[in-house]
Amino acid sequence: MLEGPLAHSQLQRIVASILTWRWAGSIGLAAAVSLTYFLAALLSYGLALTSEGLAVFWPASGISSGLLIALGSRARWPVISGVIVAVVADHLIMADPLRVGIAFALSDAAETLIIAGLVERYFGAEFSLDRLRHVLGMLAAAVIGTCVSGVGGVIASVLLRPPTVPILTIWHHWVTSNTIGFIAVAPLLIGLAAASRQWPRSREFVEGVAVLTMLAGMTAIIISLSQERWETVVPIAWLSPMLLWLAARCRPVFAAAGAFIVSVTIVCTTVFGIGHFGDPNLPIEDRILGAQASILVVALSAYVLAALFAERRESEARLTSSNMMLERERSNKLMNLEAMAGSISHEIKQPLTGITLSGSALVRYLEDTPPKLDKARSAAAKVIAGGHRIGQILDDIRNLFGKSERVPSRVNMNDLAREALRALDGELKNHNVVTRTHLKPGLPPIMGHGGQLQQVIVNLIQNAIDAMDSVDSGRRALLLRTEHNGGDAISITVEDTGPGIDPKKSDDMFGAFFTTKPHGMGLGLAICRMIVERHDGELSVSSAVPHGAIFRIKLPQKPPH
């Protein structure tokens, strides 16, 4: 660890490096916005009403506002700087006075700030094209922003040249061109930003691209239709099936891409005199009005449909999830009932066997001549201990599966280990198992439920005894170890010399109803894991060397949650 002047110097270098990267990123973003905005503005100036000198399409508005909504307030100044530089550069290239360029630039910058600010104010970081309320709110913000910036546009136009048409007409053209430009471009940028955070599935991506390709081809065909066809039908409505397809089966970004393709095609054909919207036989005002109406219908239909279908898909997903949770809860309750019954059967079998054997021995000792009273007393004591053990097991099972919460107490794991070995002493001897213990002296107590934890240790030892039945009696050995495990945890290890575990099945061993025993119920290890996890611990299994299995319980010293 560095200290003193060296550490301070290193910290300064790190801070300077971070600031440099941030400045570089901001400058790069401002440059990208400026270039894109500049090119979009040049395209828009290609179609302008010469009497007012204002563009009738302004997709640049959608670029700046869409980027600022997508990137958030942290990109505010790079985006605004890029807009101002681009607009001033455009007007300088057209030989307009600098004051005019600055006036237009400030108007466009104010529009971007107003639209993005309103969206952030009312929807925040949760804004999404998947919500109809958000989409309608975004469109309302666009109208408000363009109406306010239109005042600055009127002032800038008056500074450029004396108006030859009513000022209200200039303001109307500004609002219309900027609003439609926003509608055509901004949702696509917002959708792309959302898709970059959660990329569509490959099937959805391929399907969406295929439909967009068909939509582009159909748009090109419709635009090129003769004037007679446009007078007898409404060809732009032919695009509805494909827009509906995109909205119903893909994310809103694909519907936004479709609206963008149609809008850009209409703008380009109008600007360059191609197809219906570029027909020189039609008055320019009629061509522009038709193009603006077509863009508005296509874009709004696409966005509203996409939001409605997205909300429906989300509702269906929530309903499916709720049904799955209800089914899982039902299965859990059934499993708990079955697990409780199986656990009772599993846990009391060994004490009942001990009681039966001790009772039989007691009868034999009393029938001997003379009666062996000392041994009879010992057998009777084992019967009584077995009865207490069964009562403890039933209490522990009730606490494990019931709703009542027991207050944890201080538990000495060394004592639990010894008690577990004592409870299974007879069975260990009957199966010729040699027992070794490595109990860490002075091990601090943990906070938990002693009866439940002892049940875990007894289960693991019982499983080890059963596993070693398949090996020679001369090499049956059980190791029970307790030790520190990190600063605030202890571990209890049960190691046997049985045949070991199948690595392919190790992940499934703790699942409910998984068993390798002919008459097993598959509940012992599942219940053990449940108990350990309720103590905020971990139960794991691994292979012993050269053979056998190692079950390790890791428990924290803090009380369980």
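The values are calculated or read from the model by the stated rules, or taken from the named source; none is laboratory data. Because the structure is a prediction, the values reported are computed rather than measured. Every residue, glycine among them, receives a Cβ derived from its backbone with ideal geometry; neighbour counts consider all protein chains shown. All accessible areas refer to the heavy atoms of the entire protein, side chains included, with ligands and DNA or RNA removed. Shrake-Rupley method; radii C 1.70, N 1.55, O 1.52, S 1.80 Å.
Residues that are assigned to a loop (DSSP other than H, G, I, E, B), touching a residue at least 60 places away in the same chain (Cβ under 8 Å) and either out of contact with any helix residue (DSSP H, G or I) (no Cβ under 8 Å at 6 or more places or on another chain) or closer than 19 Å to Val185 by Cα (or both) do occur in region 239-255, at least one of them.
State all residues of region 266-316 that are among the β-branched types (Val, Ile, Thr), modelled with pLDDT under 90 and open to solvent by 40 Å² or more (accessible area, probe 1.4 Å); if no residue qualifies, say none. Steps first, please.
Start the filter on region 266-316 by keeping residues that are among the β-branched types (Val, Ile, Thr), which leaves 266-267, 269-271, 274, 284, 288, 295, 297-298, 304.
Keeping just the survivors that are modelled with pLDDT under 90 gives 266-267, 269-271, 274, 284, 288, 295, 297-298.
Result: Ile274, Ile284, Val297.
Which of the residues spanning region 118-138 are surrounded by fewer than 20 Cβ atoms within 10 Å (Cβ to Cβ) and among the hydrophobic types (A, V, I, L, M, F, W, C)? Hits for region 118-138 are Leu118, Phe123, Ala125, Leu132, Leu136. Being surrounded by fewer than 13 Cβ atoms within 10 Å (Cβ to Cβ) and either polar (S, T, N, Q) or at pLDDT 85 or above (or both) holds for only one residue in Ser491, Ser473, and it is Ser473.
Rundown of residues vs (1) within 44 Å of the chain's Cα centre (by Cα); (2) open to solvent by 20 Å² or more (accessible area, probe 1.4 Å); (3) on the phi < 0 side of the Ramachandran plot, yes/no style:
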{"residue": "Arg410", "(1), (2), (3)": "yes, yes, yes"}
{"residue": "Asp415", "(1), (2), (3)": "no, yes, yes"}
{"residue": "Asn430", "(1), (2), (3)": "no, yes, yes"}
{"residue": "Thr435", "(1), (2), (3)": "no, yes, yes"}
{"residue": "His438", "(1), (2), (3)": "no, yes, yes"}
{"residue": "Pro441", "(1), (2), (3)": "no, yes, yes"}
{"residue": "Val458", "(1), (2), (3)": "yes, no, yes"}
{"residue": "Ile465", "(1), (2), (3)": "no, no, yes"}
{"residue": "Met468", "(1), (2), (3)": "no, no, yes"}
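In this structure, is Ser149 within 18 Å of Tyr37 (Cβ to Cβ), open to solvent by less than 20 Å² (accessible area, probe 1.4 Å) and in contact with a strand residue (DSSP E or B) (Cβ under 6 Å, 6 or more places away or on another chain)? Answer is no for this residue.
Checking each residue in region 97-117 for being within 31 Å of the chain's Cα centre (by Cα) and open to solvent by 50 Å² or more (accessible area, probe 1.4 Å) picks out only Leu113.
Mind checking whether some residue in region 175-191 is at negative phi, under 26 Å from the mean Cα position of the chain (by Cα), open to solvent by 30 Å² or more (accessible area, probe 1.4 Å) and of a type outside the set (Lys, Arg)? Checked region 175-191: at least one residue is at negative phi, under 26 Å from the mean Cα position of the chain (by Cα), open to solvent by 30 Å² or more (accessible area, probe 1.4 Å) and of a type outside the set (Lys, Arg). Applying the condition of being of a type outside the set (A, V, I, L, M) and over 12 Å from Ala32 (Cβ atoms) to region 75-89 and asking which residue is surrounded by the most Cβ atoms within 10 Å (Cβ to Cβ) yields Arg76. Under the condition of being in a helix (DSSP H, G or I), polar (S, T, N, Q) and loosely packed, with under 10 Cβ neighbours inside 10 Å, the residues counted in region 196-213 number 1. The single condition among (1) of a type outside the set (A, V, I, L, M, F, W, C); (2) open to solvent by 30 Å² or more (accessible area, probe 1.4 Å); (3) modelled with pLDDT of 75 or more that Ser51 does not meet is (3). Of the residues that make up region 455-462, is at least one aliphatic (A, V, I, L, M), in contact with a Cys (Cβ under 6 Å, 6 or more places away or on another chain), modelled with pLDDT of 75 or more and not in a loop (DSSP other than H, G, I, E, B)? Yes, region 455-462 contains a residue that is aliphatic (A, V, I, L, M), in contact with a Cys (Cβ under 6 Å, 6 or more places away or on another chain), modelled with pLDDT of 75 or more and not in a loop (DSSP other than H, G, I, E, B).
Criterion first (without any contact (Cβ under 8 Å) to a residue 24 or more places away in the chain, closer than 24 Å to Val158 by Cα, surrounded by fewer than 20 Cβ atoms within 10 Å (Cβ to Cβ) and not hydroxyl-bearing (Ser, Thr, Tyr)) does Leu92 satisfy it? Criteria met by Leu92.
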